[in-house]
Each structure stands twice: as structure tokens, then as C-alpha cells.
1. Out of all the residues in segment 241-248, is one or more of a type outside the set (Asp, Glu), open to solvent by 20 Å² or more (accessible area, probe 1.4 Å) and outside any loop (DSSP other than H, G, I, E, B)?
2. Going through segment 283-302 one residue at a time, which ones are out of contact with any Ser or Thr (no Cβ under 7 Å at 6 or more places or on another chain), in a loop (DSSP other than H, G, I, E, B) and either open to solvent by less than 40 Å² (accessible area, probe 1.4 Å) or not small (Gly, Ala, Ser) (or both)?
3. Looking at segment 173-201 only, could you name the residues that are among the charged types (D, E, K, R) and part of a loop (DSSP other than H, G, I, E, B)?
4. Looking at Gly313, is it free of Cβ contacts under 8 Å to residues at least 40 places away in the same chain and more than 24 Å from Thr217 (Cβ to Cβ)?
5. Looking only at segment 252-259, decide whether some residue is of a type in the set (Val, Ile, Thr), modelled with pLDDT under 95 and more than 16 Å from the chain's Cα centre (by Cα).
6. Mind listing whichever residues of segment 383-403 are of a type outside the set (Val, Ile, Thr) and either open to solvent by 60 Å² or more (accessible area, probe 1.4 Å) or in a strand (DSSP E or B) (or both)?
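The values are calculated or read from the model by the stated rules, or taken from the named source; none is laboratory data. Keep in mind that what you see is a predicted model, and the values were worked out from it rather than measured. Neighbour counts run over all protein chains shown; Cβ positions are idealised from the backbone, glycine included. The area values use the complete protein model at the heavy-atom level, side chains included, leaving out ligands, DNA and RNA. Shrake-Rupley method; radii C 1.70, N 1.55, O 1.52, S 1.80 Å.
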Amino acid sequence: MKTKLLFIALLITGSLWAQFTKSIISSTDTNGANGLLEKDINGDTLIDLIGASQSSNTVSYYINNGDHTFTQTIIDNALTGATYADAYDLDGDGDLDFTAVGSGDLVWYENDGSFVFTKHLITTLTNPTFVRAYDVDSDGDGDIGVAIYGENSITAFLNDGNGGFTRMNIISINTPKIFHGGDFDGTGDGNVLISSFDGNEIAWYAFNGLFFSRGGTIDSNFHGAFGIEGGDIDNDGDDDVIGAAYNDNEIAWFENTNGDGSSFTKHSIDANFVGASYVHWLDIDSDGDKDIVASAYGNGTSGSEVAIYYNDGNQNFTKTTIDNTENGAACISVQDFDDDGSFDIAFAANLSNKFVLMSDNVSAISQSGKNMFSLYPNPAHQNLHISSDKNIEKVEIFDITGRRILQTNKRNIDISKLPKAHYLIQVSFDDGSHFIKKLIVI
């Protein structure tokens, strides 16, 4: 009974679920910290980070040590105005290469297999603002997509399979800031969501061969459109949009009214979020609905913050400020960095010149036992295996209300009948100890 009450305290009141401890990922060669992206770089299942720092002209990766600390390795300290970076196997040799944009250059870094890198200039661009590496043309190799602010285009650089690239402008749009994937028309063909900073709009484009045609406008009066993401915010089966308007100081979500991308209804969440910059949605409190994590750059001297907007299930959002002591909060990444079953928040503090980690304090409950057992796969959808050197007495799975929905003493568990959701799994051992982890059923 005490265990169940503990779960209810964690999941219902959020008393521990929403308290965060701050640590510094890095403040070395991070002047103008900006781009931040999560990736398992060394294959140890812990989520690492890639960062770009504009004033230091550096691109670095940060290996997660699992204890709220990261080890920095600088890939390049001479990429002028380094803005964003990503990692992908660009030359098809089985290891992770990197790509990055600065104030003028698009480059990629060839990994020799032991994380020694050779820098290759792909081309010079006019103020690229965002880069992602993925298979644009579905031919099995890694291509590069770039938002080019100064050239009013989203451009793909198609890989020949050996690290040589051919440029192809796929979308023309005024001052693009960020692009993101989604399925707004419900066709399953893949759409692209784009924010236009000077155009003050968010728009989506439909895939048409290697090119895209404009599918619709989400908002044409969203001043300084910046951070965006697509996803099913209201759980009705279609993709909606969340966005940040830098000049309007606003966070909003846009309801896909007809489910086909033809019409969106704006719902303002916060109109006093100074210099609203980046947004990310996920069920951060594991209650079955979509919450929003957002950063506000501030006005240069004050107003900067990182906040969570908790959804009550009916798209009414309650704000909780996670940090307001750093200046120039920019890119955010929300992951379980310490592998304790709760989400943590990493962000770039552009004017404080550092990358910051906010760790959820639920780790105090489970961190001591994080290595007592492992789950795989996780996320899972049919069978779950528990591995431990200790003798397992009992396995219990709890839903978000603290209700126990499964109990067994088996190490291999059929979870095919569990609804898609976040759960907590408690494993009890014959020495009287028990430990908790998060389970995601997909």
C-alpha cells in the first residue's frame, strides 16, 4: 500500500515529478551557445548532445556520463558563427559523421571510425539558420536539409553516397527559421512545417516528388515566427502545430480543425513569454496528454526563462517556470538523460555562454537502483524482457493513476494488450529491495 501511495504522490500531485536540479553541461568554448541536439553518439544507450556556439565558432559533442555530467569533445573551433549541427552516417561507412552550418558555410565532418574528423566544405550560403541530416530522397544515404534565411529557401543537399552533395532548392519561403516534419493533410506522405521569421507566418508544404508544394497557412500574423513543431496535441488523430512568436512574446497551439490541414484555429497559451524562441511537445508528466516545454530568449538583459506548460487533458495549460536565472535561453532538448525514468531538460543559454541541464528530481527515488535491472526493448509493443543478476520476486506495472494493471514474477512479459501510454514498472527482489523505471508502450 505504501508503494502505491508513493506512485500516486509522484504521478498525481507531481510533487517530485516536477522539481528540477540544475547542472552545467559545459561553459568551455560555448560563447553564444545556440544549437543543441540529442543523439546517442557512442552507442551506449545514454543520450548525448551536439552543440554549436556562435561566438566561439565551435561545434562540439558532449558524451553523457550518466551522472548529470558530460564530457566535451570539440570537432571544430573555426566554423565562423556556428549555429546548428547534426550527426548522421553521411559516407555510408557505418559510423556517425557530423554536419553543421555557420554564418556562411555548410560543412560536414568525416569520421574515420575512431572519432577523428576531417572537415569538408560543401558550399557557402547566405545566413543559414538550421540544418538537419536525413534521407531526403529515400535512396538509402544521408542527405542534408538547410533553412537558408538570407536566400529565402529550404534547400536539400543530396548525397551521392560517398559524401559528395548536389544542391536542390525544394521550397521558397521568406526568411525561413526552422523546419519540422508532420502529417497535416492526413495522407501519410509526409509534410514539412516551416516558420518564416520576417514573413510572420507558419506554413506547411506537401511532398511532391523531390519538391514540395504549399499545402496551407497555419498563421500569417505570428510576428517573428520562430520555434515550431507538429504533433497531435488534442489526441484527435491528426497533427496540430505548436509555435513560438519571438516578436509577439507568444506561445500558441494551432488546432487542425478539419484534420486535413485546410484550416487551423489558434489557441494562445502565453502572450507574455518574452522573446519566445523554441518549443517542444511531449507528455512530460506521463498523464496521457501533451504538455509543452518552451524557452524564452528574453530582451537581452531580463525575461529569459525555460518553462513547462502542463496540459490538463483539455488543452488548458498551466505554466511552471523551470529556470529563469540564465540569459538568452534558446534551443531545448527534452530527454531522459540520466536514465532514471523521468524527463530532463537541456537548453542553450546563448547570452550566459553555456549549455545547461535541468534534471528531474524523481531520480532521487530511482537513480540508486537504475542498474539493478534493465528493460528491453523500451519502448515496447508486444514482449518485454527484464534482465537482472538478482532474483526477481515480483514485477508490477502501474498506470498513471497509480493503479496496478499487471503483476507477475516472470522475466518475459506479454504486454501486447496494454494501451499505448507511459507506465511505471516496479521490480521487487527476494532481498526485499525494489526499484522503479519508466516503461513506454507504443
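1. To start, the set of residues in segment 241-248 that are of a type outside the set (Asp, Glu) comprises 241-247.
From what is left, the residues that are open to solvent by 20 Å² or more (accessible area, probe 1.4 Å) are 246-247.
Still in the running and outside any loop (DSSP other than H, G, I, E, B): none.
No: segment 241-248 contains no residue that is of a type outside the set (Asp, Glu), open to solvent by 20 Å² or more (accessible area, probe 1.4 Å) and outside any loop (DSSP other than H, G, I, E, B).
2. Initially, segment 283-302 is screened for residues out of contact with any Ser or Thr (no Cβ under 7 Å at 6 or more places or on another chain), giving 283-294, 299-302.
From what is left, the residues that are in a loop (DSSP other than H, G, I, E, B) are 283-290, 299-302.
Answer for segment 283-302, where residues must be out of contact with any Ser or Thr (no Cβ under 7 Å at 6 or more places or on another chain), in a loop (DSSP other than H, G, I, E, B) and either open to solvent by less than 40 Å² (accessible area, probe 1.4 Å) or not small (Gly, Ala, Ser) (or both): Asp283, Ile284, Asp285, Ser286, Asp287, Asp289, Lys290, Asn299, Gly300, Thr301.
3. Asp183, Asp185, Asp189, Asp198
4. Values: free of Cβ contacts under 8 Å to residues at least 40 places away in the same chain: yes; more than 24 Å from Thr217 (Cβ to Cβ): yes.
Yes; evaluated as a whole, the condition is true for this residue.
5. Taking segment 252-259 and keeping what is of a type in the set (Val, Ile, Thr), we get 257.
Still in the running and modelled with pLDDT under 95: none.
No: zero hits.
6. Within segment 383-403, the subset of a type outside the set (Val, Ile, Thr) is 383-385, 387-391, 393-394, 396, 398-399, 402-403.
Once the filter is applied, which keeps residues that are of a type outside the set (Val, Ile, Thr) and either open to solvent by 60 Å² or more (accessible area, probe 1.4 Å) or in a strand (DSSP E or B) (or both), segment 383-403 yields Asn383, Leu384, His385, Ser387, Asp389, Asn391, Glu393, Lys394, Glu396, Phe398, Arg403.
Listed here are the residues, each with its yes/no results for (1) outside any loop (DSSP other than H, G, I, E, B); (2) touching a His at 6+ places or on another chain (Cβ under 7 Å); (3) open to solvent by less than 50 Å² (accessible area, probe 1.4 Å).
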{"site": "Asn378", "(1), (2), (3)": "no, no, no"}
{"site": "Ile405", "(1), (2), (3)": "yes, no, no"}
{"site": "Lys410", "(1), (2), (3)": "no, no, no"}
{"site": "Lys417", "(1), (2), (3)": "no, no, no"}
{"site": "Tyr423", "(1), (2), (3)": "yes, no, yes"}
{"site": "Gln426", "(1), (2), (3)": "yes, yes, yes"}
{"site": "Gly432", "(1), (2), (3)": "no, no, no"}
{"site": "Phe435", "(1), (2), (3)": "yes, no, yes"}
{"site": "Leu439", "(1), (2), (3)": "yes, no, yes"}
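Table: residues versus (1) farther than 18 Å from Tyr205 by Cβ; (2) among the charged types (D, E, K, R).
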{"site": "Phe117", "(1), (2)": "yes, no"}
{"site": "Pro128", "(1), (2)": "yes, no"}
{"site": "Val146", "(1), (2)": "no, no"}
{"site": "Asp160", "(1), (2)": "yes, yes"}
